Amino acid sequence: MAFAGLKKQINKANQYVSEKIGGAEGTKFTDEYMEMERKIDLTSELVEELIVKTKEYLQPNPASRAKLMVSTKLRGPGKTHAYPQPEGTLGESMVKYGTDLGEESPFGQSLIEAGESLKQLADIKYALEDNVKQNFLEPLTQLQNKDLKDVLHHRKKLQGRRLDYDCKKRKQMKGGHLTEEEIRLAEDKFEESFNLASMGMFNLLQNDVEQISQLHALAEAFCEYHQQCAEVLQGLTERLLEQKAEAAEREREPYEPKKLSDLNLTTIHDDVSPMVESGGGYFNGEPQHNSLFFTSAPTARAPRAASCRALYDFEPENEGELGFHEGDLISLVRRVDDN
C-alpha cells in the first residue's frame, strides 16, 4: 500500500473513533438520501428472503434439499440430480404394488392408474421448478449479485471518503498542516461517491415495472401448475369412479372352506399294532392303547389313512396318553373328538 493510501486509512480510522467515542460530528446526508438507503437495505433483505423461501416452497424437504445442494457442489452445476418429488415417490409405490397384485385385481389396476397420475404430478412439479427458476429466481439472483452489490459497493466507498473528508476538515479547523488542495481533492471524491451512490439507489428503486413483471411470472407459473394438476386429478377421479362401478358389478365367485380330506394330504400306513415302539421297547413296560399309533420306520400300504409327523417329544403322564419323539410318523386311525 502506498503512503498516501495508508495515510487515508489512518484518517478514516481516526475520524471513525472520534465520532463513535469522542462525539465528533460527521457530515450529514440529506433526508432523501437516507430514505433511499433505508429502502435499499429493505430491498436487499427481501430479495434474500424471497430467494430462500421460494426454494423452500419448491423443495420443502430440508434433508433432500441439503443432499441435493451437496451433490450439486460435488458434481458441478451442469450435473444436478432431480429433487425427489413426494408425488413421484408415492406414485412409484402405487404402481409397484398394483402390478404385484396382478391384472385380475381391480384394486391393483386402480392403484396403477392412481400411481401413474401421481407421477404426472411430479413431472408437472419439475416443470414448475424450471419455470420459477428461469423467470423468477434467476432475475432475483441477478439483482442480488450485481445491481444491489454495485449499489452497496458505492455506499461503502462513500462512507470511507466521507470519513477521510471529515477528518481532514477537522484537522484543518484545529490548525493542522493541510493544504487547500488536499481538502478540495477529498471534497471532490466525497461528492463523486455521493452522486454515484445516490444515482445507483435511485435507478434501482425506479425498477418497479421489471420487478412486478417477475412477480407476475411467478403467479402465472403457479396458476399454470395448479391448472395442470387439477386436470390430471379430475381425469383420475373420473376413471376411478368408473373402475369402482365396474368392480361393484363384477360377479363375485363363491368360496367354500376346504375339508381336510380335500387337501390331498400324503398318507403313509404301517403294519403295526396300536402300541408305541421306541428304542426297541414299550413305554412303561406295557403296550399303551390309543386312537393314535406310530413307528419310526413307516411302510406305505394300499388303504388310505391320514398321518402326521411329530414336531416335538412327548412323555405320557397319565393312563391312556400316547408318548412319542420328534420326527416320529403317527398314523391317524380314527377321530376321537374335535381336537
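Placing a label point 7 Å from the Cα of Ala245 along the Cα-to-Cβ line, the residues of the stretch 110-134 whose backbone N sits under 18 Å from it are 110.
Based on the Cβ-Cβ distance from Glu256 to Glu104, what FRET efficiency comes out when R0 is 22 Å, to the nearest 0.05?
On the way: r = 20 Å, r/R0 = 0.91.
The formula returns an efficiency of 0.65 here.
May I ask which of Lys168/Lys189; Lys125/Lys244; Lys55/Lys133 have a Cα-Cα span longer than 18 Å here? Result: Lys125/Lys244 exceed 18 Å. Electrostatic tally near Leu240: other residues with Cβ closer than 11 Å to its Cβ, Lys and Arg +1, Asp and Glu -1, net -2. From the alpha carbon centroid of the stretch 93-156 to that of the stretch 32-73 is 19 Å. Inter-label distance, Ala82 to Lys149: 3.2 nm, where each label sits 7 Å from its Cα along the C-beta direction. Near Asn203: Cβ cut-off under 15 Å, other residues only, Lys/Arg at +1 and Asp/Glu at -1. The net charge is -2. In terms of its C-alpha gyration tensor, the stretch 114-233 comes out prolate, because a/c is 1.5 or above and the ratio a/b outweighs b/c. With R₀ set to 41 Å, the beta-carbon distance separating Asp208 from Ser93 gives a calculated FRET efficiency near 0.30. Spin-label model, Asp41 to Lys53: label points 7 Å out along the Cα-to-beta-carbon direction sit 2.0 nm apart.
How do 60-69, 159-168 rank on mean C-beta neighbours within 10 Å, highest first? Intermediate values should be presented prior to the final figure.
Numbers: 60-69: 12.6, 159-168: 21.4.
Peptide ranking by packing, descending: 159-168, 60-69.
Here the simple spin-label model places points 7 Å from the Cα toward Cβ, and for Glu319 and Ala219 these points are separated by 9.9 nm.
Each of the peptides 147-155, 311-319, 49-57 was scored by the mean count of other Cβ atoms within 10 Å over its residues; in descending order, highest first, they stand as 147-155, 49-57, 311-319.
Since every read-out is calculated from the coordinates, none of them should be taken as a lab result. Note that the structure is a prediction, hence the values are computed from the model and not measured. For neighbour counting, all protein chains shown are included, and Cβ atoms are generated from backbone atoms with ideal geometry for every residue, glycine included.
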